[in-house]
Amino acid sequence: MKHTFEKSCITLMLLGLMFQSGLLYAQDRKPPALLNKLVSLGTFSETQRQIIFNHLQTQISNRFELISQRRFDEAQNQAFEELDYDQCTEENCVRFIQDALQVENFFSLQLVQEGAITQMTLTMIDLDRKVVKSVVCQDCSVIELNDRVTELVKAMTEE
């Protein structure tokens, strides 16, 4: 009798550990997200744009699992083919892509530069809302712009 009881206890403990480790694994998984290509207006060099975009990818991927650019491009092309011209607003196309890829979060960064002033606008569209955060910087280096990207992503994801 004692031997059967011990076996049952060990079995329950093992099942409990397996269940807990499964839960921990599920909790550790990051939610998927889409990241649009960087949009810029002004006199940014291709190198500056790439440095800022790489930093944005790093910041977003700390909190989300990024969907590949290839899958994003395929879904975007599908949206352009299936939606009528008057239906293909930015938000409608994003929602179509989110549905096609089963992804709730879409991020897009826009850089606008006029003289020494740079404005950075990060937009996040999820299933329920559109959130826009913006910062302005004067005479900022690429390093300072990367710091602003970090601030924007942090503010966006804490909301």
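When both region 67-81 and region 116-159 are represented by their alpha-carbon centers, they are found 24 Å apart.
Could you tell me the calculated FRET efficiency between I117 and E81, based on Cβ-Cβ distance and R0 = 41 angstrom, to the nearest 0.05? Rounded to the nearest 0.05, the efficiency is 0.60.
Straight-line cross-link partners of K130 among the aspartates and glutamates, defined as a Cα under 13 Å from its Cα and at least 8 positions apart when in the same chain: E90, E91, E104, E159.
With K and R counted +1 and D and E -1, the other residues having a Cβ less than 10 Å from that of Q59 yield a net charge of +1. Taking packing as the residue-averaged number of other Cβ atoms within 10 angstrom, the listed peptides 101-113, 120-132 run from highest to lowest as 101-113, 120-132. The listed peptides 134-147, 46-59, ordered by packing as a protection proxy, come out as 46-59, 134-147 (highest mean of other Cβ atoms within 10 Å first).
Laboratory data are not the source of any read-out in this text; all were calculated from the coordinates shown. From a predicted model like this one, the values you see are computed outputs, not experimental measurements. FYI the Cβ positions are ideal-geometry reconstructions off the backbone, even for glycines, and counts take in every protein chain you see.
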